[in-house]
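What follows is one structure encoded as structure tokens, with my remarks underneath.
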Amino acid sequence: MSNEPILELRDVAVDFSGFRAINGLNLQVAKGELRCLIGPNGAGKTTALDVICGKVRARAGRITLMGQDITRLPEYKIARRGVGRKFQVPSVFRELTVRDNLEVAYCKRLGVFANVRRLGRSAERNDLEKLAELVGLEDVLDERAGYLSHGQTQWLEIALLLAQDSGIILLDEPTAGMTAQETMHTAKIVNALKGRHTLLVVEHDMAFVREISDIITVMHQGRVLAEGSASEIQGDPAVREAYLGQRGIAHA
Ligand SMILES: Nc1ncnc2c1ncn2[C@@H]1O[C@H](COP(=O)(O)OP(=O)(O)OP(=O)(O)O)[C@@H](O)[C@H]1O
Ligand SMILES: [Mg+2]
């Protein structure tokens, strides 16, 4: 893991019709790091992911990816530079099999024509199967994506980002709606990606966060309130204060 940040936000601000949802946000994520972003409802976590991937515009500040300014790039160009975003609503093709979904994602990486030749090769098929194994979908490769369980659909989404070779992966509440068992499987997947991929994961489930996190960033009112390990964060009075009225951080 190098020390140079792959992603950096400096004094970023985002307004929604005059309401400042992000207010002087500073964040540095190192290559290969798995960063968890937590915070009470309305803290600006989703907006932070939106501004990184270009879905919303920064009113002020600067966002750099591998040292290059991406603050004013359109969303598709940021995606092309390897920022992969998983949204709450799945973007899998329900009519296609898991295998075909993964092949389509590989197409996006390679360009359609390169891909026609490439996918015929058994090496590529191996890649695809390894990827399916990594997320635990190797037994359902030939099932239609529409028949997958909620958990499996989320894992397929993560696999699609990996197939597209996203250098940095942004996940917004990946375990929402999952059973405890599915949540732990997701932790296993995410842990397996550590070091090889850079991940920024927004999550409320502290059990999950404790399983996967190195450094946790706590957001409150559009900016960083605290940063540290799970135990440092949970012992921080300012963090406890921010979560007041929301059943506390332990139940976040
Ligand atoms: N499109 C929008 N228009 C107006 N206000 C918005 C919009 N999107 C978000 N906001 C407001 O910006 C603030 C931050 O919202 P955001 O969704 O980023 O919070 P969050 O930390 O993801 O919360 P949660 O934990 O509930 O998902 C909130 O007060 C929200 O109401
Ligand atoms: Mg949110």
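Across region 38-87, the qualifying residues are those that are within 14 Å of ligand 2 (Cβ to nearest atom) and either assigned to a helix (DSSP H, G or I) or hydroxyl-bearing (Ser, Thr, Tyr) (or both), and the one among them that is nearest to residue 234 (Cα to Cα) is 45. Please go through region 157-210 and give me each residue that is surrounded by 19 or more Cβ atoms within 10 Å (Cβ to Cβ) and more than 24 Å from residue 101 (Cα to Cα), ordered by number. The answer is 202, 203, 205, 206, 208, 209. Identify all residues within region 195-215 that are part of a strand (DSSP E or B) and away from ligand 2 (no atom under 16 Å from the Cβ); write none if there are none. Those that are part of a strand (DSSP E or B) and away from ligand 2 (no atom under 16 Å from the Cβ): 197, 198, 199, 215. Among the residues of region 145-182, the ones that are part of a strand (DSSP E or B), in contact with a helix residue (DSSP H, G or I) (Cβ under 7 Å, 6 or more places away or on another chain) and within 16 Å of ligand 1 (Cβ to nearest atom) come to 2 in all. Set side by side, the residues 102, 73 differ, and just one is touching a Gly at 6+ places or on another chain (Cβ under 8 Å), surrounded by 15 or more Cβ atoms within 10 Å (Cβ to Cβ) and hydrophobic (A, V, I, L, M, F, W, C), which is 73. The residue that is modelled with the lowest pLDDT, counting only those in region 231-251 that are crowded, with 18+ Cβ neighbours inside 10 Å and among the hydrophobic types (A, V, I, L, M, F, W, C), is 249. Within region 16-47, restricting attention to residues that are more than 9 Å from ligand 1 (Cβ to nearest atom) and over 29 Å from residue 165 (Cα atoms), the residue that is farthest from the chain's Cα centre (by Cα) is 18.
So is residue 186 among the polar types (S, T, N, Q) and not in a helix (DSSP H, G or I) or not? For residue 186, the condition - among the polar types (S, T, N, Q) and not in a helix (DSSP H, G or I) - is not met.
The values are calculated or read from the model by the stated rules, or taken from the named source; none is laboratory data. As the structure is a prediction and not an experimental result, all values here were calculated from the model. Don't worry about glycine lacking a Cβ; one is built from the backbone with ideal geometry, like all the others, and counts go over all protein chains shown.
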